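Structure record follows, encoded as structure tokens.
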Amino acid sequence: MPAADIDDLPLRSRTPPEWGSAVLADPINLLIDHAFLEKKAANNAMELMTRWPGDNERPVPGWVETMTAIARDEAAHLAQVVRLLARRGGRLDRTHKNPYANELRLLVRKGSQPAEVLDRLFVSALIEARSCERFAVLASVAEDQELAKFYRSLYSSELGHFTVFLKLAYKIAPKETVDSRWLQILEAEAQILERQEPGPRIHSGVR
Ligand SMILES: [Fe+2]
Ligand SMILES: [Fe+2]
């Protein structure tokens, strides 16, 4: 895992500390949103596990192992969030909306390979990178030491996921193809994030 810090993330926009203070005013709803994010991340990795590009070809080396490892990490994160939530008297709703992730998923070019899988890897990588950036902000501004420590502990795990999703992208398509699409998706992510409403969510907008 690279010892990168927040400044090394390729994101096209940066979250100000004020965002962190605002969302931490409602820690229960922030934890609920976070729990659904981890659940979705686990589901996404399980789903991608059998979606390597080109059904008649050999799977990409390490693909299945990577996806099962990520799914396991995300399930562990989910358990941690749920434990924190329960101790603070919160509980999960049955359903949850994530307009940021939904909009990102609209960028996926469906039906052609390797474009579809490439885009899915990029969307996954970006959600990891943005989560990582937001956890770093939360860790730096949280006055609640338990939460600060928790966000800090997730940071390096999500950074590792970002790195492996991106590495897999370079295994399934030529470098020029991957580079140019990655730049497009990076720009799109910053715009999508900017359109989000503020509120106690990991991927909410900045007021
Ligand atoms: Fe996670
Ligand atoms: Fe992750």
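Tabulated results
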read-out	value
Any hit, segment 30-52, residues being farther than 30 Å from Glu146 by Cβ, open to solvent by less than 50 Å² (accessible area, probe 1.4 Å) and aliphatic (A, V, I, L, M)	yes
Any hit, segment 87-98, residues being open to solvent by 30 Å² or more (accessible area, probe 1.4 Å) and in contact with a Ser or Thr (Cβ under 9 Å, 6 or more places away or on another chain)	no
Elements of type helices (runs of 4 or more DSSP H) in segment 10-114, at least 2 residues being over 15 Å from the mean Cα position of the chain (by Cα)	17-23, 27-48, 63-87
Residue that is of a type outside the set (Gly, Ala, Ser) and more than 14 Å from ligand 2 (Cβ to nearest atom), where the choices are Gln113, Gln80	Gln113
Residues (out of contact with any helix residue (DSSP H, G or I) (no Cβ under 7 Å at 6 or more places or on another chain), under 27 Å from Lys97 (Cα atoms) and more than 16 Å from ligand 2 (Cβ to nearest atom)) located in segment 36-77	Thr50
Filtered residue count, segment 142-154, keeping only those that are open to solvent by 40 Å² or more (accessible area, probe 1.4 Å) and in a helix (DSSP H, G or I)	5
Pair list, Cβ < 6 Å and 6+ apart or interchain, from segment 142-165 residues that are under 16 Å from Glu38 (Cα atoms) and within 10 Å of ligand 2 (Cβ to nearest atom) to residues that are open to solvent by 20 Å² or more (accessible area, probe 1.4 Å) and not in a helix (DSSP H, G or I)	Gly160/Met1
Flag if Asp119 is out of contact with any Asp or Glu (no Cβ under 8 Å at 6 or more places or on another chain), among the acidic types (Asp, Glu) and open to solvent by less than 10 Å² (accessible area, probe 1.4 Å)	yes
Set Ala115, Ala142, Ala169: member being of a type outside the set (Ser, Thr, Tyr) and within 27 Å of Gly20 (Cα to Cα)	Ala142
The listed residue being over 18 Å from Ile32 (Cβ atoms), touching a His at 6+ places or on another chain (Cβ under 8 Å), open to solvent by less than 20 Å² (accessible area, probe 1.4 Å) and in contact (Cβ under 8 Å) with a residue 40 or more places away in the chain, out of Arg130, Arg134	Arg130
Residue tally, condition part of a helix (DSSP H, G or I) and open to solvent by 20 Å² or more (accessible area, probe 1.4 Å), over segment 163-181	13
Members of segment 166-192 found to be of a type outside the set (Lys, Arg) and within 16 Å of ligand 2 (Cβ to nearest atom), listed by number	Leu166, Leu168, Ala169, Glu189
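The values are calculated or read from the model by the stated rules, or taken from the named source; none is laboratory data. Remember, predicted model here, so these are calculated numbers, not experimental data. All Cβ positions, glycine included, derive from the backbone under ideal geometry; neighbour counts span all protein chains shown. In case anyone asks, the SASA skips ligands and DNA or RNA and just uses the protein heavy atoms, side chains included. Shrake-Rupley method; radii C 1.70, N 1.55, O 1.52, S 1.80 Å.
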